[in-house]
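Worksheet: the structure to be examined is printed underneath.
Each value in this text was obtained by applying a stated rule to the coordinates, not by laboratory testing. From a predicted model like this one, the values you see are computed outputs, not experimental measurements. Note that each Cβ is placed from the backbone with ideal geometry, even for glycine, and that neighbours are counted across all protein chains shown.
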Amino acid sequence: MIRKEVFIGFIVGLIANGIGLILAIFIFGNGDGIETTIQQSIAQGFFNKLVSIGAVLNLIAFFLFIKLKRDYRARGVILATILIAIVTFLINFI
């Protein structure tokens, strides 16, 4: 039961970050496609900033789960945020 709740929170965290990333690309992008903007941001070194802006939706999901007393789902959102931070770090430095 607990693993299921953490997994649901993890999936919500990944989806929220993905949606946040797409919103950040639409807001701060230069009108190119999503794939082109991601490739340019990786090449120019600001991909981590786009992902960080996208993580704002994770913050909203986290506090929503805390308010609804879904602590294990909130843990899943935190785990998703940590995983995304590690992956972003690896993309930038490898």
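Checking the cross-link filter: which lysines have an alpha carbon closer than 29 Å to that of LYS4, excluding same-chain neighbours under 8 positions apart? The reachable lysines, counting only those whose Cα sits under 29 Å from LYS4, are LYS67, LYS69. Report summary: the helix-based calculation at 222 nm, which adds -39500 (n - 2.57) for every DSSP H run with n ≥ 4 and divides by the residues of the chain, gives -28500 deg cm²/dmol.
Ranking THR88, LEU68, PHE47 by Cα position along the charge dipole of the chain, where only Lys, Arg, Asp and Glu carry charges on their C-beta atoms, puts LEU68 farthest toward the positive end.
Long hydrophobic helices in the chain, taken as whole DSSP H segments with a C-alpha length of 24 Å or more on their own axis and mean Kyte-Doolittle hydropathy at least 0.0: 2-28, 71-93. Each label point was placed 7 Å from the Cα along the Cα-to-Cβ direction; for LEU79 and LYS67 their separation is 2.5 nm.
Spin-label model, ILE53 to PHE28: label points 7 Å out along the Cα-to-beta-carbon direction sit 0.4 nm apart.
Here the peptides 11-21, 64-74, 30-40 are ranked by packing, the mean other Cβ count within 10 Å, and the order with the highest first is 11-21, 64-74, 30-40. Here the simple spin-label model places points 7 Å from the Cα toward Cβ, and for GLN44 and ARG3 these points are separated by 4.4 nm. Here's the list of aspartates and glutamates a cross-link from LYS49 could span, going by alpha-carbon distance under 19 Å and ignoring same-chain residues fewer than 8 apart: ASP32, GLU35.
Given the Cα atoms of the chain, and with Rh set as the inverse mean 1/r over their pairs in the Kirkwood sense, what is Rg to Rh to two decimals? Mind dumping the intermediate values first?
Numbers: Rg = 14.3 Å, Rh = 13.7 Å.
Ratio of gyration radius to Kirkwood radius: 1.04.
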